[in-house]
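Scroll down for the structure; my scribbles are underneath it.
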Amino acid sequence: DGGITQSPKYLFRKEGQNVTLSCEQNLNHDAMYWYRQDPGQGLRLIYYSQIVNDFQKGDIAEGYSVSREKKESFPLTVTSAQKNPTAFYLCASGGTEAFFGQGTRLTVV
Amino acid sequence: AQSVAQPEDQVNVAEGNPLTVKCTYSVSGNPYLFWYVQYPNRGLQFLLKYITGDNLVKGSYGFEAEFNKSQTSFHLKKPSALVSDSALYFCAVRDMRAGNNRLAFGKGNQVVVIP
């Protein structure tokens, strides 16, 4: 099946831990995106990548890091520097329009 | 930088009545405009897009949207709402300038269709 796969669906992080969210696509898209969704705030752009080995900060990049070593993969690391990481994280890829994965819900415990 | 405003937090409509969800945008160049729908704990599903051409675009599930350049608006419409249309709706914009893949979303509108 073609599409975008995010894993895991649910993730729990202890205070001070780094965690990595996976995003894989087989749609042959150059552009990939990470968004954070909080209730009442819509989608806020964390990072985006227009091509392999290149990425740009979005509006809320502090406390996050990404890599784009392969066209298919755009993992997001939530570092201990992110003070309020509990949120729903959405990955997307696209040409003209973006296609979304099913999301990862991260909770700090 | 591009941005989107969705002025209403929630839209309530009776089943069978027309549904309108409002969106205005701001870009430096010409816009690509999109509407997405989200059901609880799921990703966003693409509904429709405006790139160029006819100002009225038709999309999935009977939805349509009208591009109005003078008012910088791209309102989503459906002639007759269904209970199953209850969901969160997002408008998004991309600046058409070459090399700009940044996609900006509004905060979303919760649509509640009342049986």
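Odds and ends about this structure:
- Charge dipole magnitude, Cβ of K and R +1, D and E -1 - chain B, Cα centre, debye nearest 20: 360
- For region A:78-103, residues shielded by at least 40 square angstrom of accessible area compared with the chain on its own, probe 1.4 Å: A:T96, A:E97, A:A98, A:F100, A:Q102
- Rounded to the nearest 20 debye, the dipole magnitude of the protein assembly as shown is 300 debye, with +1 charges on Lys and Arg beta carbons, -1 on Asp and Glu beta carbons, and the Cα centre as origin.
- The GluC sites (Glu not before Pro) of region A:57-98 that meet both conditions, a loop assignment by DSSP and at most 12 other Cβ atoms within 10 Å of the site Cβ, are A:E62, A:E69.
- Filter on A:K71/B:K22; A:K9/B:K69; B:K58/B:K107 - keep pairs with C-alpha separation over 32 Å: A:K71/B:K22; A:K9/B:K69
- Looking at region B:22-115, the trypsin sites (Lys or Arg not before Pro) that sit in a DSSP loop and have at most 11 other Cβ atoms within 10 Å of their own Cβ are B:K69, B:R97.
- Restricting region A:37-109 to trypsin sites (Lys or Arg not before Pro) in coil, as DSSP defines it, with at most 15 other Cβ within 10 Å: A:K83
- Averaging 1/r over every pair of different alpha carbons in chain A and inverting the result gives a Kirkwood radius of 13.7 Å.
- Two-decimal Rg to Rh for chain B - Kirkwood Rh, Cα set: 0.96
- Farthest positive-ward along chain B dipole, Cα basis, beta-carbon charges - from B:S73, B:V93, B:Q110: B:V93
- Area accessible to solvent at A:E15, 1.4 Å probe radius, in Å²: 140
- Size descriptors for region B:30-96: radius of gyration and Dmax over Cα atoms are 12.1, 36 Å.
- Share of alpha-carbon pairs per 5 Å distance bin for the protein assembly as shown, given as whole %: 1, 7, 15, 18, 19, 16, 12, 7, 3, 1, 0
- Accessible area of region A:36-109 belonging to carbon and sulfur atoms, whole % at 1.4 Å probe: 48
The values are calculated or read from the model by the stated rules, or taken from the named source; none is laboratory data. Keep in mind it's a predicted model, so treat the numbers as computed, not measured. Backbone-built Cβ (ideal geometry, glycine too); neighbour counts: all protein chains shown. Calculation scope for accessible area: heavy atoms of the full protein, side chains included, ligands and nucleic acids excluded. Shrake-Rupley method; radii C 1.70, N 1.55, O 1.52, S 1.80 Å.
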